[in-house]
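> One structure follows; several queries about it will come next.
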Amino acid sequence: MPNNDPRVDAYIAKSADFAKPILKNIRAAVHQAVPGVTETIKWGVPAYVDDRGILCMTPAFKRHCAWVFWTGRKPAGVDAKALRRITSADELPGSRALVAAVREAATPRGAGSKKKTAPRRTARPVRVPAYFMSALRKNRAALAAFTAFPPSHKREYVDWIDSAKTDETRQRRIATALEWIASGKSRNWKYQ
């Protein structure tokens, strides 16, 4: 016996007449395919949840219904775009195909295998220009603080100083940077 949520019953009852058979067919297929599924209302629409989270949702609109499988759970044999705009119960696949689609979506992909992750990017080294490094060496407090900074803070200062168009601007920025760095401030300390 499926575990029906009275809020889903109420949602189906207040839906448009064309939507009721669509929602009922999908609901029956979900319960048949995944007996332990839990019904609930999420974001104002019926949602079917299993031990891995949301399996699918079935919103009803003025002129169509949608059957939305949650990310990573789309069944292979079903056209997901076609299920986004269902206007009649006749547009649904047969009950066997419905149940098979739900079973496939509920089955963990690659059980026992880990999810592939992107290789971790290593921080690119910060290339400090010689003129800035010599200015840092003249101010011990600034040099100590600069070497303790993470690469992102170092890069902000180097980019800011290196982007000066004139030598006069570059010297002004170096003087300001040395003062801020000696105080332990990052380049954008005003905004933190």
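The values are calculated or read from the model by the stated rules, or taken from the named source; none is laboratory data. Note that the coordinates shown come from a computational prediction; the quantities given were computed from them, not determined experimentally. Quick reminder, even Gly has a Cβ in these numbers, built from the backbone with ideal geometry, and neighbours come from all protein chains shown. Accessible surface areas use protein heavy atoms only, side chains included; no ligands, DNA or RNA. Shrake-Rupley method; radii C 1.70, N 1.55, O 1.52, S 1.80 Å.
> Starting from the Cα gyration tensor of the chain, take the square roots of the eigenvalues, sort them a ≥ b ≥ c, and report rounded, prolate or oblate (rounded when a/c is under 1.5, otherwise prolate if a/b is larger than b/c, else oblate). Walk me through the numbers on the way to the answer.
Working: a/c = 4.03, a/b = 3.31, b/c = 1.22.
Here the chain falls in the prolate category.
> Now a separate question. If R0 is 22 Å, what FRET efficiency do you get for LYS24 and LYS62 from their C-beta distance, rounded to 0.05? Write out the running numbers ahead of the final one.
On the way: r = 19 Å, r/R0 = 0.85.
With a Förster radius of 22 Å, E is 0.75.
> Just to be sure I understand the model, the point goes 7 Å from the Cα along the line to the Cβ. What's the resulting GLU156 to ASN4 distance in nm?
5.9 nm
> Please report, in whole Å³, the volume per residue of the convex hull around the C-alpha atoms of segment 116-175.
Details: hull volume 5.1 nm³, N = 60.
Expressed per residue, the convex hull around the Cα atoms of segment 116-175 is 85 Å³.
> So, in nm, how far is label ASP90 from label LYS190 when the simple model puts each one 7 Å beyond its Cα toward the Cβ?
Here the modelled spin labels are 6.8 nm apart.
> So what is the accessible area of the chain per residue, in Å², with the probe set to 1.4 Å?
About 65 Å² of surface per residue is accessible.
> If R0 is 25 Å, what FRET efficiency do you get for SER134 and THR176 from their C-beta distance, rounded to 0.05? Before the final figure, lay out the partial values.
Working: r = 17 Å, r/R0 = 0.67.
That gives a FRET efficiency of 0.90.
> Then there's this: If contacts are Cα pairs under 8 angstrom and at least 6 residues apart, what is the relative contact order of the chain in percent?
Here the relative contact order equals 15 percent.
> Working only with C-alpha atoms, what are the Rg and Dmax values of segment 9-54, expressed in angstrom?
For segment 9-54, the Cα radius of gyration and maximum Cα-Cα distance read 10.9, 33 Å.
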